[in-house]
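J.: Please find one structure pasted underneath; my questions will follow.
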Amino acid sequence: MSSIIGIRHEDKYLMERRTPLVPKHIERLIKQHNLEFIVQSSPKRIFTDVEFKNSGARVEPDLKKCDVIFGVKEIPESAFEQGKTYVFFSHVIKGQPYNMPMLKKMMEMQCNLIDYEVVTDEQKKRLIFFGKYAGYAGMINSLWSTGQRLKEFGYTDNVFLKIQQSCKYNSLADAKKVISEVGQEISKNGLPKELLPFTIGFTGYGNVSIGAQEIANLLPSIEISPEDLLSLKNQPNLPNNVIYKVIFKEEHISRLANNEDKEFDLQHYYKNPENYTNNFEQYIPHLSVLMNCMYWDSRYPRIFTKSFAKNIYNQGNPKLIVVGDITCDPDGSIEFTHKGTAIEDPVFVYDPINNEPKMGFSGNGILVMAVDILPSELPRDSSMAFSEALYNLLAPIANADFAAPLSELNLPGFVKRALILKNGKLTPDFEYISKYL
């Protein structure tokens, strides 16, 4: 008999409306694998309780009857039950201090933990992710923020004002339609000469960056190299109806400390990030919008520090209008992103001179959009795509006997690689997390 599968109501954020599994996939799993589902009732989930009932699932106020529980975001410590299996984004693999109490509780309760973030193939490529939707929503929000910030600067009828925050659209398709129309208007009428050349920089080239670029490509854009960016403003007769797009890779972001002439070695960088220093600051003064889409942890150099922000503002108001920090590591690669922001309060202005953030669009400094649950601004589209990727994991997890030794645990390799806790103990690949506990 398979385990009863539970789907959580998301309670970490007010505006979190996603679900890991959508009704049409539950209906298919019930028919094909004879699985049993209980969906926790939710007043805000993008798919209604009625839709889940119609799929064949039971809708109940709690998941006490369930053996395996799927969610999206972190789960409150009080919600864990003895010996159960939980599948969600736990955000513990970097030893994140704010989630260590949660992990300790799971260990005390002898739980199993499978984390979507480490469901990978043999080449360690992630198989289940919301990343592209974070890129979509992050770019939409950053273009919307650009319009609002330019309005603060006196451009009261700028073309970007036609774009709304991602969560205001019924679907990704609706948002794309509006941005395409904005792109057509830029092609026809151009941008104010004071804003030229209008440039958007993307750090990273993974799923997040791909999603963000897909939105930016709806505007009349030309991709140039980071090297060309440095000389772009000196080019004569720049067209006013083109947006320049720049993608920054590791070699543009960091360089070997004390040896900047040495050719960049990517594998050496990954293995020895502490030997590298910032190489990105040279590009920042040439960007109108910076989209931070890359992976970062504390071993790597920051790309935009508070001291550099203060330095460029001491020289006068810079070209930079908006930082779309999709990576959203508090005090991380963008040092002045002091926190992730909420969908209902998504932006702040960081004043580098006084080292102070202020929520909203007004004030002196750099506007930062740092919503940390960006895919939830496109909850229906992102849930459907995520559920499609998750679909093939459901039956193996539901049928697994977690009492068996790890070597005999009947799970596909890509799922077993994501098993962080087994019966409350860290599995060998994740024993390093113990030093953070």
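The values are calculated or read from the model by the stated rules, or taken from the named source; none is laboratory data. For clarity, every value in this text was computed on a predicted model and none was experimentally measured. Note: ideal-geometry Cβ built from the backbone for every residue, glycine included; neighbour counts use all protein chains shown.
J.: Evaluate the stretch 49-72: report whether one residue or more is under 26 Å from Gly211 (Cβ atoms), part of a loop (DSSP other than H, G, I, E, B) and in contact with a helix residue (DSSP H, G or I) (Cβ under 6 Å, 6 or more places away or on another chain).
T.: Among the residues of the stretch 49-72, not one is under 26 Å from Gly211 (Cβ atoms), part of a loop (DSSP other than H, G, I, E, B) and in contact with a helix residue (DSSP H, G or I) (Cβ under 6 Å, 6 or more places away or on another chain), which makes the answer no.
J.: Now for a different question. What's the number of the only condition in (1) outside any helix (DSSP H, G or I); (2) in contact with a Phe, Trp or Tyr (Cβ under 6 Å, 6 or more places away or on another chain); (3) farther than 14 Å from Val415 by Cα that Ile128 fails to meet?
T.: Looking at each condition in turn, Ile128 falls short on (3).
J.: Looking at (1) touching a residue at least 60 places away in the same chain (Cβ under 8 Å); (2) outside any loop (DSSP other than H, G, I, E, B); (3) of a type in the set (A, V, I, L, M, F, W, C), which is the only condition Met102 fails?
T.: Against the list (1) touching a residue at least 60 places away in the same chain (Cβ under 8 Å); (2) outside any loop (DSSP other than H, G, I, E, B); (3) of a type in the set (A, V, I, L, M, F, W, C), Met102 comes up short only on (1).
J.: Can you pull out every residue in the stretch 349-382 that is among the charged types (D, E, K, R), closer than 24 Å to Pro20 by Cβ and either free of Cβ contacts under 8 Å to residues at least 40 places away in the same chain or not in a loop (DSSP other than H, G, I, E, B) (or both)?
T.: Listed by number, the residues that qualify are Glu377, Arg380, Asp381.
J.: Is at least one residue of the stretch 132-150 closer than 24 Å to Phe304 by Cα and without any contact (Cβ under 8 Å) to a residue 40 or more places away in the chain?
T.: yes
J.: Further, regarding this structure: Across the stretch 311-330, which residue is surrounded by the fewest Cβ atoms within 10 Å (Cβ to Cβ) among those that are under 16 Å from the mean Cα position of the chain (by Cα) and modelled with pLDDT under 95?
T.: Checked the stretch 311-330; the qualifying residue surrounded by the fewest Cβ atoms within 10 Å (Cβ to Cβ) is Pro330.
J.: Scan the stretch 279-299 for residues that are polar (S, T, N, Q), more than 20 Å from Gly365 (Cβ to Cβ) and buried (at least 16 other Cβ atoms within 10 Å of the Cβ) and jot them down.
T.: Taking the stretch 279-299 and keeping what is polar (S, T, N, Q), we get 279, 282, 288, 292, 298.
Adding the requirement that they be more than 20 Å from Gly365 (Cβ to Cβ) leaves 279, 282, 298.
Hit for the stretch 279-299 is Asn279, nothing else.
J.: Taking the conditions exactly as written (outside the structural domain of Met15 (by TED's automatic domain parsing), in contact (Cβ under 8 Å) with a residue 60 or more places away in the chain, under 23 Å from Ile46 (Cβ atoms) and not β-branched (Val, Ile, Thr)), does Glu344 satisfy them or not? I'd like the intermediate steps shown before the answer.
T.: Details: outside the structural domain of Met15 (by TED's automatic domain parsing): yes; in contact (Cβ under 8 Å) with a residue 60 or more places away in the chain: yes; under 23 Å from Ile46 (Cβ atoms): yes; not β-branched (Val, Ile, Thr): yes.
It is true that Glu344 is outside the structural domain of Met15 (by TED's automatic domain parsing), in contact (Cβ under 8 Å) with a residue 60 or more places away in the chain, under 23 Å from Ile46 (Cβ atoms) and not β-branched (Val, Ile, Thr).
J.: Under the condition of being closer than 22 Å to Asn207 by Cβ and among the polar types (S, T, N, Q), which residue from the stretch 374-419 is surrounded by the fewest Cβ atoms within 10 Å (Cβ to Cβ)?
T.: Only one residue tops the list, namely Asn392.
J.: Tell me which helices (runs of 4 or more DSSP H) are completely within the stretch 219-287 and hold 1 or more residues being more than 23 Å from Ser209 (Cα to Cα), or say none if there are none. Show your work before the answer.
T.: Details: elements: 226-232, 250-253, 266-271.
Helices (runs of 4 or more DSSP H) meeting the threshold: 226-232, 266-271.
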